Amino acid sequence: MNNLIEIRSPISREILKTYCKPAENEINATMKQAGEAFTQWSRTPIKERIRYVNSLRNLIVQKMDEIARDISEATGKTQTEAVLMELIPTLEIMKYYEKKAVSILRSDRRKTTFSFPHSSSFVEYHPLGIVLVLAPWNFPFQLSLVPLISALIAGNVAILKPSELTLTVGELIERLCLEAGFPPHVVKIAYGDSETGEKFVQARPDLIFLTGSASTGVKIMEASAQNLIPVILELGGKDPMIVFEDAPFERAVNGAVYGAFANAGQICVSVERVYVQEQIYDLFVQAVVKKTRDLRMGFSEDSDVGAMTSAQQIKIFNDHVDDALQKGALLLTERKTHGSFVNMVVLKNVNHTMKIMKEETFGPALPVMAFKTEADAVALANDSPYGLNASVWTMDIEKGKRVTSQLQVGNCAINDVIKNIGNPSMPFGGTKRSGFGRYHGPEGLRSFCRTLSVMVNNGGALREPNWFPYSKKLYESLRIYLRIFFSDTNRVAKLKGLWGYIRYFQKAKKESTHAK
Ligand code: NAD
């Protein structure tokens, strides 16, 4: 059996490095060490945990060039794109949680109603234990570090299994965490492939956080169901962009081109399909084609679009474009591939029988379709198995909000693309085949916690009104109680009932004092 994974440069296809997959006993040892580290780390005060994150944040800024270069080498994206789309969103969320985590995870008083006399209630957020982070290759830095940091701040330890295509970025993260001074075994990196991931799932972590494809999501859910391990699934998308005739035209054109081609289209929240209102459809298509032709492909600081990371993804992209052309789509740009650099394509005359409008393409394609009415746009956008992100373009913000509220997605932007995922205070995640669970924002941090609800009785009464013995009298008082507290009618009956209830209570209290 071959235990080696060769990491190849997406540009030159040369072997960058070779890794050895962990054997069964190494996986068990990793789990054991992480479990032991959890005891200490979960007791480390949150402010101290945040100090480690702060050191890491400053280290990332200090080593910005080295990190951007390593990410770029592993993925084929330009260094500018590495900084814009990997470093900045990571730093944003780190800074946000450094500031907010204490209050987000602070115990929370909750209302205690009349049915629970002499009691108070609160909620606490505790760590779960070992969090397994399964990361993809398209943003190997951001999509590893953000869940990892969230897990650590919440008091968990984390095992990161980077994508088999970008293990060098996993190694970079390991080096940075070591240099930031995290205690031993609080962060572990598992260098391996999907089979290694499967073995870690079988080793029973306490939470699995997957960013990956929908088909992997199904497998992870099936495997984790055996041990009832909770999962957060951040999966693929087929994000629609809806452009109304009253959209800010030039901005929408620029947004479409950026949204479809940034990171060579390999973004879960890429613009994967565009619907343009018929009145501006032809003008919009012409403008998009012109802007696309102006883009510069390459690997330098002056390049707009870098290479694609995996040969497999280029195959999927070509298959979707071929399928669209066979079914009558019109190609409006030149179609060329040189190594891992794939020309951006704009297509019109597309429809929902084509893979390019239904399946995740994850490549530099911009298919544009016309729509007539607001209702048509909503129906087209929702006609998808996915539900991750969407954008709506209009100067009528009320209309924009009305439309976003009807879209079956987890996240939406009005007059913007992609960037909304990076707002650290907003929970992010999908619906339908895009997965479930949230990270980012307060909800996201609490996703990495076990919520503990505690109710405290002051212990004064000998028994509660609902405890044994039951009696006819109790039943009568329940009748009154229901009328008082749960019925909206008959005020006189309510007042009478209240008096009866108070007397019942007084009696119960007398009984308990007597017994003491
Ligand atoms: P993938 O599903 O192939 O792999 C993701 C990770 O899971 C990798 O580390 C892989 O080794 C591991 N894995 C695969 N099969 C496994 C199994 N059976 N058990 C355990 N681990 C397993 O995804 P990918 O090709 O690396 O990434 C691209 C996909 O990720 C696209 O569909 C993209 O849309 C999606 N994605 C989603 C988001 C989001 O936030 N929703 C963000 C980025 C990428």
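The values are calculated or read from the model by the stated rules, or taken from the named source; none is laboratory data. As the structure is a prediction and not an experimental result, all values here were calculated from the model. No Cβ is skipped: glycine too gets one built from the backbone with ideal geometry, and neighbour counts run over all protein chains shown.
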Filter segment 300-329 for residues that are surrounded by fewer than 19 Cβ atoms within 10 Å (Cβ to Cβ), within 30 Å of the chain's Cα centre (by Cα) and part of a loop (DSSP other than H, G, I, E, B) and give the result. GLU301, SER303, ASP304
Residue within segment 167-177 that is of a type outside the set (Lys, Arg), out of contact with any helix residue (DSSP H, G or I) (no Cβ under 8 Å at 6 or more places or on another chain) and closer than 16 Å to ASN138 by Cβ present: yes
Restricting to helices (runs of 4 or more DSSP H) lying wholly in segment 126-221: which have 1 or more residues that are more than 9 Å from the ligand (Cβ to nearest atom) and crowded, with 24+ Cβ neighbours inside 10 Å? 142-153, 167-180
Can you find a residue in segment 232-245 that is free of Cβ contacts under 8 Å to residues at least 60 places away in the same chain, within 21 Å of the chain's Cα centre (by Cα) and either within 9 Å of the ligand (Cβ to nearest atom) or surrounded by 21 or more Cβ atoms within 10 Å (Cβ to Cβ) (or both)? no
Out of curiosity, is LEU56 assigned to a helix (DSSP H, G or I), surrounded by fewer than 21 Cβ atoms within 10 Å (Cβ to Cβ) and either of a type outside the set (Lys, Arg) or modelled with pLDDT of 95 or more (or both)? no
Give me a count of the residues in segment 451-479 that are part of a helix (DSSP H, G or I) and either in contact with a His (Cβ under 7 Å, 6 or more places away or on another chain) or over 23 Å from LYS111 (Cβ atoms) (or both). 7
I need a count of the residues in segment 101-112 that are touching a residue at least 60 places away in the same chain (Cβ under 8 Å), not in a strand (DSSP E or B) and not small (Gly, Ala, Ser). 3
Within segment 411-429, track down each residue that is touching an Asp or Glu at 6+ places or on another chain (Cβ under 7 Å) and among the small types (Gly, Ala, Ser). GLY422, GLY429
Unique residue being buried (at least 17 other Cβ atoms within 10 Å of the Cβ) and among the hydroxyl-bearing types (Ser, Thr, Tyr) when the list is THR75, THR44: THR75
Given (1) small (Gly, Ala, Ser); (2) under 27 Å from the mean Cα position of the chain (by Cα); (3) surrounded by fewer than 21 Cβ atoms within 10 Å (Cβ to Cβ), where does GLY339 come up short, assuming only one miss? (2)
